[in-house]
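The values are calculated or read from the model by the stated rules, or taken from the named source; none is laboratory data. The structure presented is a predicted model; accordingly, all values stated were derived computationally and were not measured. Heads up, the Cβs are rebuilt from the backbone with ideal geometry, glycines too, and the neighbour counts pull from every protein chain shown.
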Ligand SMILES: NC(=O)c1ccc[n+]([C@@H]2O[C@H](COP(=O)([O-])OP(=O)(O)OC[C@H]3O[C@@H](n4cnc5c(N)ncnc54)[C@H](O)[C@@H]3O)[C@@H](O)[C@H]2O)c1
Ligand SMILES: O=C(O)[C@H](O)CO
């Protein structure tokens, strides 16, 4: 008999198809009143599959007395109440490593785009501006200082790429990473002061909320560039807008925001800002690996009692 799982929202067609093939899946998003449905039927489910964009809070977790596993489609799990899950003895898995390279590629892309003005020059040429003028001088990338907030899978992948651009690399985490050739900086404002580029690559959630505040942005400075490919919550967005508007910060390359899909209007009006739509992991290759990983974690749990990628 197939194990019964509840799926909070659609994942992707291939992942949804594999889950539906291998499990008895209830698509919670199709229920008119999901909370009432779970209150009445939650005890039937042995596991949960959730897309990184969907919340899986204590309300859902507590309504599932017999579920012992939550498999997250995504690296970040800031929308899952992991503490509530642990209290109930549930395992939570994510999809680490398979996104590192693509997200790091995009972080470098954003850094280069903002510094060299790729997107804004593209707009300039399309609007016919080159026929009558030329763009202003921009900023060099190679040989500059790259600061990393967070030095896990993605941060280290950005560090390797930055080293390939002859950049000096330092990172800020709560504890130094053993064996790293790069210097650990215990103070985030000090890292920002040193850096030309500051890339945010730490998890979101209450622990890291607004770590990048007005003081950090000011330390990064009028020529400094912030890149955020992690979570919008890590950056104080109001302070970011203010720092860019007043010239205290040079520019920003953003893939993530505090209130997605809403991007502050003020940012849209600024040429020193490149705005993307949470696409850092959006490649065919990484998507396929994420689809396999979310399903493999559920399969491993039901086969062995242990997920492959516990958080
Ligand atoms: N934009 C996207 O599409 C996209 C894709 C994948 C991941 N992400 C985000 O990137 C984040 C990082 O991913 P990862 O795979 O590198 O995770 P990871 O767990 O491998 O690394 C996280 C790093 O952040 C550090 N960190 C944690 N809390 C910190 C704190 N309070 N202060 C300083 N450093 C802290 C950790 O020590 C670690 O070095 C994910 O949690 C996710 O939210 C975004
Ligand atoms: O955390 C993740 O995996 C990303 O944000 C989604 O692609």
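Is it true that some residue in the stretch 202-214 is away from ligand 1 (no atom under 15 Å from the Cβ), assigned to a strand (DSSP E or B) and at pLDDT 95 or above? No, the stretch 202-214 contains no residue that is away from ligand 1 (no atom under 15 Å from the Cβ), assigned to a strand (DSSP E or B) and at pLDDT 95 or above. Only one of the numbered conditions (1) touching a helix residue (DSSP H, G or I) at 6+ places or on another chain (Cβ under 6 Å); (2) assigned to a strand (DSSP E or B); (3) within 16 Å of ligand 1 (Cβ to nearest atom) is violated by residue 25, and that is (3). Going through (1) near ligand 1 (Cβ under 10 Å from one of its atoms); (2) over 16 Å from residue 105 (Cβ atoms) one by one, residue 148 falls short only on (2).
In the stretch 282-310, what count of residues is obtained for those that are assigned to a loop (DSSP other than H, G, I, E, B), surrounded by fewer than 18 Cβ atoms within 10 Å (Cβ to Cβ) and touching a helix residue (DSSP H, G or I) at 6+ places or on another chain (Cβ under 9 Å)? The total comes to 4.
Just so you know, in the stretch 194-212 the residues that are in contact with a strand residue (DSSP E or B) (Cβ under 9 Å, 6 or more places away or on another chain) and without any contact (Cβ under 8 Å) to a residue 40 or more places away in the chain include one that is nearest to ligand 2 (Cβ to nearest atom), and it is 208. Looking only at residues of the stretch 271-305 that are touching a strand residue (DSSP E or B) at 6+ places or on another chain (Cβ under 8 Å) and over 19 Å from residue 52 (Cβ atoms), we find that the one that is farthest from ligand 1 (Cβ to nearest atom) is 302. Among the residues of the stretch 244-257, just one is more than 19 Å from residue 106 (Cα to Cα), surrounded by 19 or more Cβ atoms within 10 Å (Cβ to Cβ) and touching a helix residue (DSSP H, G or I) at 6+ places or on another chain (Cβ under 6 Å), namely 249. Scan the stretch 237-281 for residues that are assigned to a loop (DSSP other than H, G, I, E, B), closer than 14 Å to residue 113 by Cβ and more than 14 Å from ligand 2 (Cβ to nearest atom) and report the count. Total satisfying the criteria: 4.
Only one of 110, 137, 106 is assigned by TED's automatic domain parsing to the domain that holds residue 234, assigned to a loop (DSSP other than H, G, I, E, B) and either in contact (Cβ under 8 Å) with a residue 24 or more places away in the chain or surrounded by fewer than 20 Cβ atoms within 10 Å (Cβ to Cβ) (or both); which? Step by step, each of 110, 137, 106 is checked, and only 137 is assigned by TED's automatic domain parsing to the domain that holds residue 234, assigned to a loop (DSSP other than H, G, I, E, B) and either in contact (Cβ under 8 Å) with a residue 24 or more places away in the chain or surrounded by fewer than 20 Cβ atoms within 10 Å (Cβ to Cβ) (or both).
Among the residues in the stretch 107-118, are any within 27 Å of residue 52 (Cα to Cα) and more than 16 Å from ligand 1 (Cβ to nearest atom)? No, the conditions are met nowhere in the stretch 107-118.
Please work out which residue is surrounded by the most Cβ atoms within 10 Å (Cβ to Cβ), limiting yourself to the stretch 82-98 and to residues that are away from ligand 2 (no atom under 16 Å from the Cβ) and over 15 Å from residue 308 (Cβ atoms). Filtering first and then ranking leaves 85.
For the residues 15, 39, 67, 35, the requirement of being under 15 Å from residue 92 (Cβ atoms) and at pLDDT 95 or above singles out 67. On inspection, residue 147 passes the criterion of being in the same structural domain as residue 179 (by TED's automatic domain parsing), in contact with a helix residue (DSSP H, G or I) (Cβ under 7 Å, 6 or more places away or on another chain) and not in a helix (DSSP H, G or I).
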